[in-house]
Amino acid sequence: MSAETSVDHGALLRGHGMHVTAQRLAVLRAVSGGPHGTADDICALARAEIGAISRQAVYDALTTFTDKGLLRRIEPAGSPARYETRVGDNHHHLVCRTCSRMVDVDCAVGETPCLTPADGSGYEVDEAEVVYWGRCPECVAATTNDEQSNQREEHDRRE
Ligand SMILES: [Zn+2]
Ligand SMILES: [Zn+2]
């Protein structure tokens, strides 16, 4: 990963009261370089950068960073947790059901909660978790091709 990232990760760590270590820097850079990565993805990226780093060290760093608000953890149903450095803006995610690719989408409202329940049952609601599920353009294109060939096969079978 290049040194000319605009974010000073060292300053970010110090600003959150953490010691700057090569391992923490590598984990932070890995997340900012590959947003929405799983712990395994981040581990691979960090290892590529600094060599030896244990899975446990990566997990520990991710947990600490998330607790301190440096990272946001997203946990879509049926997927391992993903991490990103884009925090505090209540943005949402589009997730592909087929290939699990995830992309950011700005919140139309911009503040929490951006959806209010029809009946809040007296709860003081502070957040609505919005995930848009569907298929990404690549998977739509791939399935459209599949469907066409399936339809052809079915047509052939019927004859
Ligand atoms: Zn997809
Ligand atoms: Zn995101």
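The values are calculated or read from the model by the stated rules, or taken from the named source; none is laboratory data. Predicted model only: the values in this text are computed from it and were never measured. Here Cβ is always computed from backbone atoms with ideal geometry, including for glycine, and neighbour counts include all displayed protein chains. Only protein heavy atoms, including side chains, enter the accessible area calculation; ligands, DNA and RNA are left aside. Shrake-Rupley method; radii C 1.70, N 1.55, O 1.52, S 1.80 Å.
Pull out all pairs, ordered by first then second residue, where Cβ-Cβ is under 9 Å, the residues are six or more apart or on different chains, the first lies in the stretch 90-114 and is closer than 24 Å to GLU124 by Cα and among the small types (Gly, Ala, Ser), and the second is more than 10 Å from ligand 2 (Cβ to nearest atom) and open to solvent by less than 40 Å² (accessible area, probe 1.4 Å).
ALA108/CYS114; GLY110/ASN90
When you go through THR116, THR112, THR98 one by one, which is the residue that is within 16 Å of ligand 1 (Cβ to nearest atom), over 22 Å from ASP8 (Cβ atoms) and assigned to a loop (DSSP other than H, G, I, E, B)?
Numbers: THR116 fails: within 16 Å of ligand 1 (Cβ to nearest atom); THR112 fails: within 16 Å of ligand 1 (Cβ to nearest atom).
Just a single option satisfies the conditions, and that option is THR98.
When you go through (1) under 30 Å from MET18 (Cα atoms); (2) modelled with pLDDT under 90; (3) open to solvent by less than 70 Å² (accessible area, probe 1.4 Å) one by one for PRO113, which number turns out not to apply?
Among (1) under 30 Å from MET18 (Cα atoms); (2) modelled with pLDDT under 90; (3) open to solvent by less than 70 Å² (accessible area, probe 1.4 Å), the lone unmet condition for PRO113 is (1).
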